[in-house]
Structure formats: structure tokens, C-alpha cells
1. Taking every pair of alpha-carbon atoms in segment 188-295, what share in percent sits in each 10 Å bin, from 0 to the bin with the longest distance?
2. Taking the Cα centre of each part, how many Å lie between segment 74-134 and segment 244-295?
3. If DNA, RNA and ligands are ignored and the probe is 1.4 Å, what is the ranking of 160, 237 by accessible area, most exposed first?
4. With charges only on Cβ, +1 for K and R and -1 for D and E, what is the dipole size of segment 222-290 about its Cα centre, in debye, rounded to 20?
5. Where the accessible area of segment 128-268 is counted over protein heavy atoms with a 1.4 Å probe, how much of it, in %, is carbon and sulfur?
6. How many percent of the accessible area of segment 29-114 is carbon or sulfur, using a 1.4 Å probe?
7. Take peptides 88-99, 125-136 and line them up by average Cβ neighbours within 10 Å, highest first, as a rough protection proxy.
8. Could you give the angle, 0 to 90 degrees to the nearest 10, between helix 137-149's Cα long axis and the longest principal axis of the Cα atoms of the chain?
Amino acid sequence: MQLVIENLVKTYPNGVTALDSVSMTIPKGMYGLLGPNGAGKSTLMRTIATLQEADSGRIQLDDLDVLSEKTEVRKILGYLPQEFGVYPKTSARAMLDHIAILKGVTNRGERRDLVDAMLERVNLSQHAKKAISSFSGGMKQRFGIAQALIGNPKLLIVDEPTAGLDPGERNRFYNLLAELGENVIVILSTHIVQDVKELCTQMAIIHLGKLLFAGAPDLAEAQLEGQIWQKSVSKEELSEIRERYQIISTKLVAGRPLIHIRSEFDPGDGFVQVPADLEDVFFTQIHASEHPAIA
Ligand code: ADP
Ligand code: MG
């Protein structure tokens, strides 16, 4: 099973081109869609989820034409939107039961077993009777996965599911997603590099509607191998370095800037070569797309 996206274009009425001829092939497993805010991730996901029209292009799931055979797609789709909207005062169990009815599980006993299994799977059994509105961020996201999983989807789309989770919640959520990715296509969008690093075997980087990279994360890292140099600098040095090198990232370590630059040669100056990581890839790609002349 694979999802093939070809030359997908979407321009909103306000003139913003959210998808600028995007093409990618998504195999079974966890696929990471990485991009900063405004990249077009949610637009792409809503389009795949048949909730929004594209201007042109094609999406094919094996033999299924996703853009026209919407009803068929919805039968095999699970979707967790970025904004889940208002969380009801309804209990988790009652809500899942309701969703199961909507998805066509009419037999009451079958539905009870299904809902119990879903609650168990996302580790919410002991909270089944509590109102969803009272859940923590992590519990809400796990509930969101449970509702998306009803009906055994072959295609699962989760839009920025880890945003707003604390580290413990994020870890539990990673484990849940990792289990799912074995038999179905899971598309996960995120602006957090770590999400992709920990979970995804294949990924795409998008920015301002354009696809910048598609492939395996370690392939992306390999392309930068030998070009990433690191140095801990003072804040005064930083502006001078900025003029001379392409700074990829700056983070503070114990209050002092630790910078990564990209250079094909040893820049000297106390820089140390470090292995390229996915964050270097991400920032290099974004930078190159914004400064095509230097790239
Ligand atoms: P992401 O999910 O990566 O943050 P989105 O798909 O939400 O990106 O948005 C991509 C671009 O399209 C942004 O510039 C956003 O402002 C714009 N956009 C998204 N939805 C709409 C809409 N309904 N009308 C107009 N512009 C929109
Ligand atoms: Mg979004």
C-alpha cells in the first residue's frame, strides 16, 4: 500500500499558495511531514483527508483516486486534526461509542468490545467515565488517537499531535504511535524535529508550500556529512561570525550560544566538526530555500 501525491496545488482565495506543486510517495509506516508554521502541512493533511479541495494535482492510494472517491477514502481513514475544537463534557466512553455508531458499528455488544479495546490501547481505561473536557493535554491527544482508530483505518493522519504535550506525555504518545506504524500508513505532521527523529522511517520537509526534501532521515543527514561545524561563542562573537559564515542553528547551552555553521572546508577559528543531525538538515533546507543564491 502506498499513497502517491503528484503536483498538488492549493491557493487560498486570499492569494496564499499553501501547496506549490507538492509531490511525494508515502509508503507503509510512519511518515514525518516536517515544516515550520505556515508550511502547508495542515492544508496537505486536510486535502488527503478529503475535507478540502485542491486546485490541481492527484492523490492516489493504491487504486483509489483520493480526490474523487471521497466516500471510499473515508471508510479507511483515521484523522486527528490539529485543532480538535471543543472538548465535550461527555465521557470518553460515551463519545467513542457515539463515533463507533457513526462509523457503522451498529451491534451494541460489538461496539462495547471495540470501545473497551480502544480505551485499553490508548491507556485511558481507568478514565473512561471522566469527561473529555477534564482531560490533560496528553490524555486528550490519546483520546484523539482512539477516535481516529475506530474502524481500523489503513491510513492514519495525525496533525501536530505532540504540540503542547509535556515530555512525559510526549514519550507515551510516541510509544503509542510507534506501535501503530507497523501495518498502516501513518502521516504525522510536526514542526518539532525530534518527533521525526524518534518516530519516522521516511520524511518530507516542506516550507511555504514547497517540498524541500523527501526521503529517509539518515539519507538527509548523510548529504550534509562533513559540513557541520560547532563552536561555543560569546554573544559578541556571534554577530561577527554571522557575517562570515552560514549559521544553521544557535542554541543556548548554560546561557552561552552554541552554534552550528555549514562549511565544506575546515573554518578553523576553533570550530569542531560534528556529525550532521536532523536539525541541521531542517535548518539548512529552510535557509537554502529562503536564500537560493547562496545555496
Ligand atoms: P501549517 O499547518 O504547516 O502551519 P497551513 O496549511 O495551516 O500550514 O497553512 C499554510 C498557509 O496557508 C499559511 O500561510 C496559512 O496562513 C494559509 N492558510 C491556511 N488556511 C487558510 C485559509 N482557510 N484561508 C486562507 N489562508 C489559509
Ligand atoms: Mg498546521
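1. 14, 44, 33, 9, 0
2. Their Cα centres are 45 Å away from one another.
3. Sorted by accessible area, descending: 237, 160.
4. With Lys and Arg at +1 and Asp and Glu at -1, about 220 debye.
5. 49 percent
6. 50 percent
7. So the order, starting with the most tightly packed, is 88-99, 125-136.
8. Helix 137-149 sits at roughly 60 degrees to that axis.
The values are calculated or read from the model by the stated rules, or taken from the named source; none is laboratory data. For clarity, every value in this text was computed on a predicted model and none was experimentally measured. Every residue, glycine among them, receives a Cβ derived from its backbone with ideal geometry; neighbour counts consider all protein chains shown. The accessibility values were calculated without ligands, DNA or RNA, using every heavy atom of the protein model including side chains. Shrake-Rupley method; radii C 1.70, N 1.55, O 1.52, S 1.80 Å.
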